[in-house]
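Read-outs: derived from the displayed coordinates by stated rules, not from any lab. Keep in mind it's a predicted model, so treat the numbers as computed, not measured. Ideal geometry is used to build each Cβ from the backbone, glycine not excepted, and the neighbour counts take in all protein chains shown.
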Amino acid sequence: MPATKNNTGITLVEILIGIVVSGIIVASMYGSFQVVNNTFQNSNAQSGVNQNFRRAILMLSQDIKKAGYSDYGQETQRLLTDVPLRIFDDEDGNQSIEIIYQANGNSYRTTYSVNGHSRVSPALVGTRELTKRVNQWSTANNSWGAANANNDRTFDFEIVLPFISTLEFDLANQNGQLSPSPTPANPQDFMAGNFGTVTIVIGQTLINNPNNEIISATTVLLKNLNQW
């Protein structure tokens with residue numbers, strides 16, 4: 001009786017089953033990778049937002065603290081036609097702030113506002129940015145002058161924080177009473193002794209998630225207004 005050969009091998013059905021199972025495994029791995037990658041990108045974006053917030057809040061706080069500052073012995077040279085701190089309502093739901101102070105015998109005005117178009121990149125046109133400018137008072141022209149190339153304190157335009165969604169300022173007197181909000185037609189002026197603190201509120205959206213707004217706030221003590 002002839003010996004029977006044991007012919008073992010992989011059938012077509014088994015090959016197809018193996019391909020399907022392998023595809024499921026690869027798809028699951030790819031999905032997991034996408035989840036991890038998106039989490040990593042969101043984490044990096046959040047970290048960048050936090051760093052930008054800290055920088056913007058610090059810059060605003062330092063400049064607001066200068067409101068009403070005068071060099072020692074130069075107090076009588078302050079501007080009598082302006083107030084050291086002024087808040088505007090910009091009609092788009094945001095506010096802007098003007099800060100006037102003195103340094104080295106000269107008067108400066110720092111303005112923070114929300115710009116409705118991007119100068120960072122043409123691809124970002126339509127986004128809003130927190131911008132800063134600094135002007136020096138010209139005694140010859142009796143007006144605020146443009147940026148001076150010979151004076152590094154002045155400049156016409158600087159982007160402080162991109163993708164701005166909110167910019168507001170809440171002011172309170174020494175007793176903690178909030179001041180009335182300014183209107184588009186009536187900016188709020190703040191004179192000596194009237195107000196004690198400014199609370200800065202900034203909102204920013206993420207590039208990859210414009211529906212997600214992150215809010216940051218801090219309070220600054222106005223300690224130089226008593227010089228005006």
Quick one: if you stick a label point 7 Å off each Cα along the C-beta vector at Ala147 and Leu58, how many nm between them?
-> 2.2
Starting from the Cα of Thr139, step 7 Å along the direction of its Cβ; do the same at Ile17; then give the gap between the two resulting points in nm.
-> 9.6
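Would you please put 161-172, 57-68, 18-29, 211-222 in order of how densely packed they are, using the mean number of other Cβ atoms within 10 angstrom per residue and starting with the highest? Can you show the working numbers first?
Values: 161-172: 20.3, 57-68: 18.5, 18-29: 10.1, 211-222: 14.8.
The densest-packed peptide leads the list: 161-172, 57-68, 211-222, 18-29.
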Report the extension gain between Gln51 and Asn115 in nm, rounded to one decimal, defined as 0.36 nm multiplied by the number of residues separating them, less their alpha carbon distance.
-> 21.0 nm
